[in-house]
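Shown next, in structure tokens, is the structure this report addresses.
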Amino acid sequence: MGSGVRTTAGILKQLVLSAAAVAVFAGPARAEDGYDLWLRYKPIESAAQRQSRSFATQIAGQTETPTLRAAAAELSRGLAGMLGTAPTVSGSVTSDGAVLLGTPTSSSEIAALKLGLDRVGDEGYVLRSTTVNGRRATVVAARSDVGVLYGAFHLLRLFQTRASLDNLDVVESPRVQFRILNHWDNLDGTVERGYSGASLWDWHKLPDYLDPRYTDYARANASLGINATVLTNVNANATALTAPYLDKAAALAGVLRPYGIRVFLTARFSAPIEIGGLKTADPLDPAVAAWWKTKVAEIYRHIPDFGGFLVKANSEGQPGPQDYGRSHADGANMLADALAPHRGVVMWRAFVYSHEEPDDRAKQAYSEFVPLDGKFRDNVLLQVKNGAIDFQPREPFHPLFGAMPKTPLMMEFQITKEYLGFATHLVYLAPMYRETLDADTWRKGKGSTVEKVVDGSLHGYRRTGIAGVANIGADRNWSGSHFDQANWYAFGRLAWNPSLSSEAIAEEWTRMTFSNEPAVVEPVVQMMLRSREAAVDYMTPLGLHHLMGRGHHYGPGPWVEGGPRADWTSVYYHRADARGIGFDRTATGSNAIAQYAPEVAAEFGDLKRCPEKFLLWFHHVPWDYRVQSRRTLWDELVVTYTRGVQSVGDMRKTWSTLTPYVDSGRHAQVAAFLTIQEKEAQWWRDASIAYFKTFSKRPLPKGFAEPAHSLDYYKALEFPHAPGHH
Ligand code: GCV
């Protein structure tokens, strides 16, 4: 679906008020704690306020449904906050400057405008400056209530980012159907790979106590167009499917429903045994299928608009259909059949690999799933991580994208920063998401991008989805750090429109979260845009991957070896030896490149053509090999690690100049975290160089400092209480 006449970013570019028109903030504001996210609605500067004084004096429309009430309440809250006076609320437009909101059903004034709402689909909306009853009005209209809510948030965003509100003519609709968060939250309140405190869901107090935060969570998600959420960890607990927990999930669903958010749960494949008293969970056993049918019907009695199941099966010790000699399709289809009568779907994860399988871990999902293309029921989506290993700081796109034309593949991004410095490192992830979406699979010729696979246009998928592993917890600032809020934001914006640029998203977020002051927007956006590359440089340069500490994944551990599974060690991935470093995935090695289209395989497989950022992902390269800079590989590694540390130092210095513009509470925390990040970047650099030097046996290039400590020092560090590992 087209995303409309003028995008937010386009309007922003054209209409952002000139710097001169924006009054300079008089000193730093009062400390903020980040709770309000990007929905702060602070009073706007005087010049802009003058311009919009005649705007939004009235909110008009019948707001009789919970969702329309939420839309009107949000507009009222936002406008009152930004303009200083609460708008009046009335059924129809009676004064200039009204915002008229609704659907053709809720408002005869909207029906009369004939806005052509059919083109926006079930969740889209139109924003239009027009005249209603002879009065100047801004219309927020949609076919559905939730479309109106999304439109209200869009209008507020224009306000918050100081875009002009004159002559609005916005037509928007989401390009992807399921825009879904995956919470890896456990019933005991812990969060797997969560770095922002305990789980937001207080299962113990549910269903009776509904923490007001649940509503704020819903508002934040609705502001981005996120329309679904999986409440529970993919490493699933069958207890979540028992009646008391369904009551609790139903209570949450009740809070989220007015905001257009549908609830999903993870299904533990062995649940029929664990909570059903059956002897087997074999998907082809009629008693098992019947158990799931009954269970699903029970779930829908609790949650009539339940979305369906997310399933991790036969992966990292989770039970699955292969335990009974059945295929992933057998397992997914059995659950899909139970859900189909209720219009639910199965999101079946493709994240599978086995240590019993000798083949390169990067190849296993493709080998497992491509033969099953076309064998899944209509209501199954296959959820594929962006890369073939596991959310590394940089991975080439997963070879499954483009390779399963008959099975809707949905994207799984990780928002929580398991491999990117937890909550303390400032790493803006939109460039990483973009890199995958922009990658060309070549499956239907040039331009067959992952973005087109995911939005369904390449293969004509009937269902589409983008999932993000949430970084949301009970911390006051939700995401563990102020800048990690930007990753939640960027995920949501890209799920709605996977064509948006990282820069446009960063600019919107910065304006709403910190300030519209150019002295803030420009440097902060620049910091954000460089930050992911900085992390790759100091953690896993030139295509290296999976070098983190064992188990908790905190800090460097390139020396990790042994233990229960080779594919959980670092040495499996970097393969450093006296000759060189890197994983040969060409025809002379694991031949993983053969899983890509021939054009892509030819590029990745050729040492000379392989993008340097993926060099050691696909090739084992001699230490003295000359890279593009004409430096030897070894020297280039040292230079790149060092550059990463310097980039963090630059970010820290830039941030320190912003003291006058950012409230003291948030400024101080970001500053402290940047100091941690710089220290840890140095640690990554030094530990990695100390270790790899034992193979390269070459000196560091002139002028580059030796690691601060011995390799033994780094190897001896232990972090038994690092967060997020359960
Ligand atoms: C939920 C990685 C993480 C695991 C996670 C797994 C997955 O391996 O380290 O914690 O488990 O991915 O995505 O299933």
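Some points to look at:
- Look at the dipole of the chain built from charges on Cβ: of His574, Ala222, His342, the Cα furthest out on the positive end belongs to Ala222.
- Theoretical FRET efficiency, 1/(1+(r/R0)^6), r = Cβ-Cβ of Lys679 and Thr242, R0 45 Å, to 0.05: 0.50
- Using the Cβ-Cβ distance between Asn133 and Lys42 with R0 set to 22 Å, the FRET efficiency from 1/(1 + (r/R0)^6) comes to roughly 0.10.
- Percent carbon-and-sulfur accessible area, region 598-703, ignoring ligands, DNA and RNA, probe 1.4 Å: 55 percent
- Three-way shape label, the chain, alpha-carbon gyration tensor, a/c 1.5: oblate
- As a calculated quantity, the FRET efficiency between Glu356 and His726 at R0 = 22 Å, using C-beta atoms, amounts to about 0.35.
- Percent accessible area from carbon and sulfur atoms, region 178-513, protein chains only, probe 1.4 Å: 50 percent
- Partners of Lys702 within straight-line reach, counting aspartates and glutamates whose Cα lies under 15 Å from its Cα and excluding those fewer than 8 residues away in the same chain: Asp635, Glu636.
- Relative contact order (%) - the chain, alpha-carbon pairs under 8 angstrom, separation at least six: 13 percent
- Gyration tensor verdict on region 178-513 (Cα atoms; rounded if a/c is under 1.5, prolate if a/b is larger than b/c, oblate otherwise): oblate
- Of all beta bridges that DSSP places with both ends in the chain, some 30 percent have antiparallel geometry.
- Å² per residue, accessible surface of region 219-358 at 1.4 Å: 32 Å²
- Charge dipole magnitude, Cβ of K and R +1, D and E -1 - the chain, Cα centre, debye nearest 20: 1180 debye
- Candidate aspartates and glutamates for bridging to Lys312, where Cα separation is under 15 Å - those fewer than 8 sequence places away on the same chain excluded: Asp185, Glu192, Asp323, Asp330, Glu368, Asp390, Glu412
- Summing +1 for each Lys or Arg and -1 for each Asp or Glu among the other residues whose beta-carbon sits under 14 angstrom from that of Ser502 gives -3.
- With a simple spin-label model that places each label point 7 Å from the Cα along the Cα-to-Cβ direction, the separation between Lys613 and Thr657 comes to 2.6 nm.
- Lys/Arg +1, Asp/Glu -1 at C-beta; the chain dipole; positive extreme among Asn591, Leu156, Pro720: Leu156
- Full-stretch length increase - Asp373, Thr215 - with 0.36 nm per residue and alpha-carbon distance subtracted: 52.9 nm
- Compared with the alpha-carbon gap, the fully stretched path from Ser92 to Arg462 is longer by 129.3 nm at 0.36 nm per residue.
- Helical content of the chain, expressed as a calculated mean residue ellipticity at 222 nm, amounts to -11000 deg cm²/dmol (DSSP H runs of 4 or more residues, -39,500 (n - 2.57) each, divided by residue number, nearest 500).
- Gained length - Glu561 relative to Ala290, 0.36 nm times residue gap less alpha-carbon distance: 93.1 nm
- Beyond 32 Å in Cα-Cα separation lie the following of the pairs Lys248/Lys417; Lys205/Lys293; Lys444/Lys693; Lys385/Lys608; Lys248/Lys385: Lys444/Lys693.
The values are calculated or read from the model by the stated rules, or taken from the named source; none is laboratory data. The shown structure was predicted, so the numbers you read here are calculated from the model rather than taken from an experiment. Glycine also receives a Cβ, built like all others from the backbone with ideal geometry; neighbour counts cover every protein chain displayed. Only protein heavy atoms, including side chains, enter the accessible area calculation; ligands, DNA and RNA are left aside. Shrake-Rupley method; radii C 1.70, N 1.55, O 1.52, S 1.80 Å.
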